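Structure record follows, encoded as C-alpha coordinates.
The values are calculated or read from the model by the stated rules, or taken from the named source; none is laboratory data. Keep in mind that this is a model prediction, so the values were computed, not measured. Here the Cβ positions follow ideal geometry from the backbone for every residue, glycine too, while neighbour counts run over all protein chains shown.
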Amino acid sequence: MDETLPRYVTIFSPLTIAFYYICDNCDGKQARKTDNASPLGQLFDHGIDCVVGLFVIQNTATTLGVGNSMAMYFVLLETLGGFYMTTWEEYCCEKFYLGVINGADEGNLFSMLLNLSVVIKPDLFSMFILNKKVSDLVIPPMLIMIFPVLIGNFIRVKKCENLKKYGLRWVILTTIPNIVVLTIVIAWRILNPSIFESHLRIMWNIVGFLFANINFRVLLAHLTQNFKYWYMAKRLWILFLLPPLYYLIGYNLISEISFLYAYVFILAFAFIHMFYSISIDVSSFLKIKVFKNKPPINLKKR
(Lines give C-alpha, C1' and ligand atoms only; values in the text may rest on other atoms or scores of the structure.)
Protein backbone atom coordinates (compact mmCIF):
# COMPACT_ATOMS: atom_id res chain seq x y z
CA MET A 1 0.00 0.00 0.00
CA ASP A 2 3.05 2.25 -0.13
CA GLU A 3 4.12 1.27 -3.65
CA THR A 4 3.41 3.11 -6.93
CA LEU A 5 0.37 1.72 -8.72
CA PRO A 6 0.42 0.55 -12.35
CA ARG A 7 -1.39 2.97 -14.66
CA TYR A 8 -4.10 0.48 -15.65
CA VAL A 9 -5.02 0.08 -11.96
CA THR A 10 -5.46 3.84 -11.48
CA ILE A 11 -7.74 3.90 -14.54
CA PHE A 12 -9.80 0.84 -13.59
CA SER A 13 -10.14 1.69 -9.89
CA PRO A 14 -12.33 4.85 -10.17
CA LEU A 15 -14.56 3.03 -12.66
CA THR A 16 -15.27 0.24 -10.16
CA ILE A 17 -16.00 2.75 -7.37
CA ALA A 18 -18.29 4.71 -9.71
CA PHE A 19 -20.16 1.52 -10.67
CA TYR A 20 -20.67 0.59 -7.02
CA TYR A 21 -21.65 4.18 -6.13
CA ILE A 22 -24.28 4.40 -8.90
CA CYS A 23 -25.80 0.99 -8.10
CA ASP A 24 -25.90 1.73 -4.37
CA ASN A 25 -27.62 5.09 -4.83
CA CYS A 26 -30.08 3.87 -7.47
CA ASP A 27 -31.08 0.95 -5.26
CA GLY A 28 -31.75 3.18 -2.24
CA LYS A 29 -33.59 5.88 -4.18
CA GLN A 30 -35.78 3.34 -5.96
CA ALA A 31 -36.70 1.71 -2.64
CA ARG A 32 -37.68 5.07 -1.12
CA LYS A 33 -39.49 6.26 -4.24
CA THR A 34 -41.61 3.10 -4.49
CA ASP A 35 -42.13 3.03 -0.71
CA ASN A 36 -40.39 -0.35 -0.47
CA ALA A 37 -37.64 0.72 1.92
CA SER A 38 -37.44 -1.58 4.94
CA PRO A 39 -34.97 -2.69 7.62
CA LEU A 40 -34.62 -5.99 5.74
CA GLY A 41 -33.52 -4.27 2.52
CA GLN A 42 -31.24 -2.04 4.50
CA LEU A 43 -29.69 -5.09 6.20
CA PHE A 44 -28.44 -6.41 2.87
CA ASP A 45 -27.63 -3.01 1.35
CA HIS A 46 -25.65 -1.67 4.31
CA GLY A 47 -24.28 -5.15 5.05
CA ILE A 48 -22.39 -4.91 1.77
CA ASP A 49 -21.49 -1.25 2.39
CA CYS A 50 -19.70 -2.04 5.66
CA VAL A 51 -17.25 -4.28 3.76
CA VAL A 52 -16.91 -2.04 0.70
CA GLY A 53 -15.90 0.84 3.00
CA LEU A 54 -12.75 -1.09 3.93
CA PHE A 55 -11.70 -1.56 0.31
CA VAL A 56 -12.44 2.05 -0.67
CA ILE A 57 -10.21 3.33 2.17
CA GLN A 58 -7.52 0.79 1.22
CA ASN A 59 -7.76 2.09 -2.32
CA THR A 60 -7.39 5.68 -1.12
CA ALA A 61 -4.38 4.85 1.06
CA THR A 62 -2.70 2.99 -1.81
CA THR A 63 -3.35 5.88 -4.21
CA LEU A 64 -1.78 8.32 -1.76
CA GLY A 65 1.08 5.89 -1.03
CA VAL A 66 0.65 6.28 2.74
CA GLY A 67 -0.67 2.88 3.80
CA ASN A 68 1.51 2.63 6.91
CA SER A 69 0.83 6.20 8.05
CA MET A 70 -0.67 6.46 11.54
CA ALA A 71 -2.87 9.33 10.34
CA MET A 72 -4.24 7.20 7.48
CA TYR A 73 -4.88 4.39 9.96
CA PHE A 74 -7.07 6.75 11.95
CA VAL A 75 -8.91 7.70 8.75
CA LEU A 76 -9.70 3.98 8.40
CA LEU A 77 -10.90 3.75 12.02
CA GLU A 78 -12.96 6.94 11.78
CA THR A 79 -14.62 5.77 8.57
CA LEU A 80 -15.52 2.27 9.77
CA GLY A 81 -16.33 3.45 13.29
CA GLY A 82 -18.38 6.28 11.79
CA PHE A 83 -20.41 3.74 9.82
CA TYR A 84 -21.20 2.01 13.09
CA MET A 85 -22.21 5.28 14.76
CA THR A 86 -24.53 6.26 11.89
CA THR A 87 -26.27 2.88 12.11
CA TRP A 88 -26.28 3.15 15.91
CA GLU A 89 -28.01 6.52 15.62
CA GLU A 90 -30.65 5.02 13.32
CA TYR A 91 -31.27 2.20 15.78
CA CYS A 92 -31.56 4.60 18.72
CA CYS A 93 -33.72 7.20 16.96
CA GLU A 94 -35.57 4.85 14.57
CA LYS A 95 -34.81 7.29 11.77
CA PHE A 96 -32.09 7.25 9.12
CA TYR A 97 -30.29 10.56 8.71
CA LEU A 98 -27.77 11.00 5.91
CA GLY A 99 -26.02 14.33 6.30
CA VAL A 100 -25.06 16.83 3.62
CA ILE A 101 -21.49 15.50 3.86
CA ASN A 102 -21.34 11.72 4.16
CA GLY A 103 -19.11 8.80 3.26
CA ALA A 104 -21.60 7.24 0.85
CA ASP A 105 -21.51 10.27 -1.45
CA GLU A 106 -18.62 12.64 -0.77
CA GLY A 107 -16.35 9.85 0.49
CA ASN A 108 -16.68 7.80 -2.70
CA LEU A 109 -16.45 10.87 -4.93
CA PHE A 110 -13.31 12.00 -3.12
CA SER A 111 -11.71 8.58 -3.61
CA MET A 112 -12.60 8.64 -7.32
CA LEU A 113 -11.08 12.11 -7.74
CA LEU A 114 -7.85 10.98 -6.07
CA ASN A 115 -7.60 8.05 -8.48
CA LEU A 116 -8.35 10.21 -11.51
CA SER A 117 -5.73 12.76 -10.47
CA VAL A 118 -3.09 10.00 -10.41
CA VAL A 119 -4.14 8.95 -13.92
CA ILE A 120 -3.37 12.49 -15.11
CA LYS A 121 -0.21 12.96 -13.04
CA PRO A 122 1.19 9.70 -11.60
CA ASP A 123 3.68 11.37 -9.23
CA LEU A 124 1.23 13.96 -7.88
CA PHE A 125 1.13 12.73 -4.28
CA SER A 126 4.89 12.29 -4.02
CA MET A 127 5.48 15.95 -4.94
CA PHE A 128 6.31 18.59 -2.31
CA ILE A 129 4.48 21.85 -1.57
CA LEU A 130 5.95 24.12 1.12
CA ASN A 131 8.28 21.28 2.19
CA LYS A 132 5.29 18.97 2.69
CA LYS A 133 4.37 15.98 0.58
CA VAL A 134 1.03 16.44 -1.18
CA SER A 135 -0.19 13.16 0.34
CA ASP A 136 0.48 14.53 3.85
CA LEU A 137 -1.60 17.61 3.02
CA VAL A 138 -4.56 15.54 1.85
CA ILE A 139 -4.96 13.38 4.99
CA PRO A 140 -5.76 16.10 7.63
CA PRO A 141 -8.91 17.32 5.79
CA MET A 142 -10.05 13.68 5.59
CA LEU A 143 -9.67 13.35 9.37
CA ILE A 144 -11.44 16.64 10.07
CA MET A 145 -14.39 15.97 7.72
CA ILE A 146 -15.53 12.94 9.71
CA PHE A 147 -15.75 14.71 13.10
CA PRO A 148 -18.88 16.82 12.32
CA VAL A 149 -20.66 13.62 11.28
CA LEU A 150 -19.77 11.87 14.56
CA ILE A 151 -20.76 14.91 16.63
CA GLY A 152 -24.07 15.04 14.76
CA ASN A 153 -24.71 11.37 15.62
CA PHE A 154 -24.35 12.05 19.35
CA ILE A 155 -26.43 15.25 19.27
CA ARG A 156 -29.36 13.59 17.48
CA VAL A 157 -29.28 10.55 19.80
CA LYS A 158 -29.21 12.85 22.83
CA LYS A 159 -32.39 14.55 21.59
CA CYS A 160 -34.27 11.42 20.52
CA GLU A 161 -37.25 10.11 22.46
CA ASN A 162 -35.76 6.66 23.04
CA LEU A 163 -32.98 8.15 25.17
CA LYS A 164 -35.61 9.63 27.48
CA LYS A 165 -37.40 6.29 27.53
CA TYR A 166 -34.44 3.92 28.15
CA GLY A 167 -31.89 6.23 29.78
CA LEU A 168 -28.14 6.77 29.52
CA ARG A 169 -27.27 3.18 30.50
CA TRP A 170 -28.96 1.89 27.36
CA VAL A 171 -26.96 4.27 25.15
CA ILE A 172 -23.67 3.21 26.79
CA LEU A 173 -24.48 -0.49 26.32
CA THR A 174 -25.20 0.00 22.63
CA THR A 175 -21.79 1.62 22.01
CA ILE A 176 -19.79 -1.15 23.75
CA PRO A 177 -18.90 -3.18 20.58
CA ASN A 178 -17.53 -0.09 18.83
CA ILE A 179 -15.49 0.91 21.89
CA VAL A 180 -14.10 -2.64 22.27
CA VAL A 181 -13.04 -2.91 18.61
CA LEU A 182 -11.45 0.56 18.65
CA THR A 183 -9.54 -0.38 21.82
CA ILE A 184 -8.27 -3.63 20.28
CA VAL A 185 -7.10 -2.17 16.97
CA ILE A 186 -5.54 1.00 18.44
CA ALA A 187 -3.70 -1.00 21.13
CA TRP A 188 -2.52 -3.47 18.48
CA ARG A 189 -1.16 -0.65 16.33
CA ILE A 190 0.65 1.04 19.25
CA LEU A 191 2.00 -2.08 21.00
CA ASN A 192 3.07 -3.96 17.87
CA PRO A 193 3.83 -1.46 15.07
CA SER A 194 6.27 -3.86 13.36
CA ILE A 195 3.44 -6.20 12.36
CA PHE A 196 1.81 -3.33 10.46
CA GLU A 197 5.08 -2.68 8.63
CA SER A 198 5.59 -6.29 7.57
CA HIS A 199 1.95 -7.33 7.01
CA LEU A 200 0.12 -4.07 6.41
CA ARG A 201 -2.66 -5.20 4.09
CA ILE A 202 -3.64 -8.24 6.15
CA MET A 203 -3.81 -6.06 9.29
CA TRP A 204 -6.09 -3.61 7.51
CA ASN A 205 -8.30 -6.52 6.43
CA ILE A 206 -8.46 -7.74 10.03
CA VAL A 207 -9.54 -4.29 11.20
CA GLY A 208 -12.08 -4.04 8.39
CA PHE A 209 -13.71 -7.40 9.04
CA LEU A 210 -13.81 -6.77 12.80
CA PHE A 211 -15.86 -3.66 12.09
CA ALA A 212 -17.91 -5.49 9.44
CA ASN A 213 -19.00 -8.04 12.05
CA ILE A 214 -20.16 -5.43 14.57
CA ASN A 215 -21.70 -3.21 11.88
CA PHE A 216 -23.75 -6.08 10.50
CA ARG A 217 -24.93 -6.96 13.99
CA VAL A 218 -26.14 -3.44 14.71
CA LEU A 219 -28.06 -3.63 11.41
CA LEU A 220 -29.54 -6.92 12.61
CA ALA A 221 -30.47 -5.30 15.93
CA HIS A 222 -32.25 -2.56 13.99
CA LEU A 223 -34.14 -5.16 11.96
CA THR A 224 -35.23 -7.16 15.02
CA GLN A 225 -35.45 -4.18 17.41
CA ASN A 226 -33.49 -6.20 19.95
CA PHE A 227 -29.99 -5.00 20.86
CA LYS A 228 -29.18 -8.30 22.59
CA TYR A 229 -28.47 -9.63 19.10
CA TRP A 230 -25.52 -7.36 18.97
CA TYR A 231 -23.72 -6.58 22.18
CA MET A 232 -24.51 -9.89 23.96
CA ALA A 233 -23.70 -12.20 21.00
CA LYS A 234 -21.28 -14.89 22.23
CA ARG A 235 -19.64 -15.35 18.83
CA LEU A 236 -18.85 -11.65 18.67
CA TRP A 237 -17.05 -11.68 22.01
CA ILE A 238 -15.07 -14.78 20.98
CA LEU A 239 -13.82 -12.82 17.96
CA PHE A 240 -12.81 -9.96 20.28
CA LEU A 241 -10.90 -12.27 22.64
CA LEU A 242 -8.86 -14.18 20.05
CA PRO A 243 -6.02 -11.59 19.62
CA PRO A 244 -5.33 -11.05 23.36
CA LEU A 245 -5.57 -14.80 24.01
CA TYR A 246 -3.07 -15.49 21.24
CA TYR A 247 -0.50 -13.04 22.62
CA LEU A 248 -1.03 -14.30 26.18
CA ILE A 249 -0.92 -18.07 25.69
CA GLY A 250 -0.45 -18.94 22.02
CA TYR A 251 2.44 -16.76 20.88
CA ASN A 252 5.05 -19.51 21.41
CA LEU A 253 2.83 -22.21 19.90
CA ILE A 254 1.85 -20.65 16.57
CA SER A 255 3.77 -18.20 14.40
CA GLU A 256 2.34 -14.70 14.30
CA ILE A 257 1.78 -14.69 10.54
CA SER A 258 -0.10 -18.02 10.77
CA PHE A 259 -2.35 -16.54 13.44
CA LEU A 260 -2.99 -13.41 11.35
CA TYR A 261 -4.04 -15.40 8.29
CA ALA A 262 -6.19 -17.70 10.41
CA TYR A 263 -7.78 -14.74 12.20
CA VAL A 264 -8.69 -12.82 9.05
CA PHE A 265 -10.16 -16.05 7.62
CA ILE A 266 -12.24 -16.58 10.79
CA LEU A 267 -13.48 -12.97 10.69
CA ALA A 268 -14.41 -13.17 7.01
CA PHE A 269 -16.07 -16.57 7.47
CA ALA A 270 -18.03 -15.32 10.52
CA PHE A 271 -19.32 -12.37 8.50
CA ILE A 272 -20.26 -14.44 5.43
CA HIS A 273 -21.84 -17.18 7.57
CA MET A 274 -23.89 -14.59 9.47
CA PHE A 275 -25.01 -12.99 6.20
CA TYR A 276 -25.98 -16.38 4.74
CA SER A 277 -27.76 -17.60 7.90
CA ILE A 278 -29.86 -14.46 8.17
CA SER A 279 -30.77 -14.76 4.48
CA ILE A 280 -31.97 -18.34 5.00
CA ASP A 281 -33.91 -17.50 8.18
CA VAL A 282 -35.62 -14.48 6.64
CA SER A 283 -36.43 -16.26 3.38
CA SER A 284 -37.92 -19.20 5.32
CA PHE A 285 -40.08 -16.82 7.35
CA LEU A 286 -41.26 -14.98 4.21
CA LYS A 287 -41.57 -18.25 2.25
CA ILE A 288 -39.29 -17.06 -0.53
CA LYS A 289 -36.12 -18.50 -2.08
CA VAL A 290 -33.15 -16.16 -2.25
CA PHE A 291 -30.46 -18.58 -3.46
CA LYS A 292 -32.54 -20.63 -5.90
CA ASN A 293 -34.24 -19.86 -9.20
CA LYS A 294 -37.74 -21.17 -9.71
CA PRO A 295 -38.00 -23.42 -12.78
CA PRO A 296 -40.10 -22.03 -15.66
CA ILE A 297 -43.81 -22.87 -15.53
CA ASN A 298 -43.68 -24.89 -18.76
CA LEU A 299 -40.95 -27.12 -17.28
CA LYS A 300 -43.03 -27.71 -14.17
CA LYS A 301 -45.88 -29.07 -16.31
CA ARG A 302 -43.56 -31.51 -18.05
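For this structure, a couple of remarks:
- Residue within the stretch 238-250 that is out of contact with any Cys (no Cβ under 6 Å at 6 or more places or on another chain), surrounded by 12 or more Cβ atoms within 10 Å (Cβ to Cβ), within 18 Å of Phe275 (Cα to Cα) and of a type outside the set (Val, Ile, Thr) present: yes
- Filter result for Ile144 (surrounded by fewer than 11 Cβ atoms within 10 Å (Cβ to Cβ) and closer than 25 Å to Glu106 by Cβ): yes
- Condition broken by Asn252, with the remaining ones in (1) within 18 Å of Leu191 (Cα to Cα); (2) part of a helix (DSSP H, G or I) satisfied: (2)
- Pairs where the first residue, in the stretch 257-270, is assigned to a helix (DSSP H, G or I) and the second is hydroxyl-bearing (Ser, Thr, Tyr) and surrounded by 15 or more Cβ atoms within 10 Å (Cβ to Cβ), C-beta under 8 Å, 6+ apart: Phe259/Tyr246; Tyr263/Tyr246
- In the stretch 231-277, the residue that is nearest to Cys50 (Cα to Cα) out of those that are of a type in the set (Val, Ile, Thr) and under 19 Å from the mean Cα position of the chain (by Cα) is Ile272.
- Residue identified as aromatic (Phe, Trp, Tyr), farther than 15 Å from Leu43 by Cβ, at pLDDT below 85 and not in a loop (DSSP other than H, G, I, E, B) among Trp230, Trp170, Trp188: Trp170
- Here the condition is being assigned to a helix (DSSP H, G or I), modelled with pLDDT under 75 and either surrounded by 14 or more Cβ atoms within 10 Å (Cβ to Cβ) or in contact with an Asp or Glu (Cβ under 9 Å, 6 or more places away or on another chain) (or both); of Gly41, Gly53, it holds for Gly41 alone.
- The listed residue being modelled with pLDDT under 85, of a type in the set (S, T, N, Q) and more than 24 Å from Val134 (Cα to Cα), out of Asn68, Asn25: Asn25
- Matching residues, the stretch 6-22, being closer than 20 Å to Asn215 by Cβ and either at pLDDT 80 or above or β-branched (Val, Ile, Thr) (or both): Ile17, Tyr20
- Restricting the stretch 93-105 to residues that are modelled with pLDDT of 75 or more and charged (D, E, K, R) leaves a set whose member that is surrounded by the most Cβ atoms within 10 Å (Cβ to Cβ) is Glu94.
- Residues that are touching a residue at least 24 places away in the same chain (Cβ under 8 Å) and more than 25 Å from Tyr247 (Cβ to Cβ) within the stretch 171-197 comprise Val171, Leu173, Thr174, Thr175, listed in sequence order.
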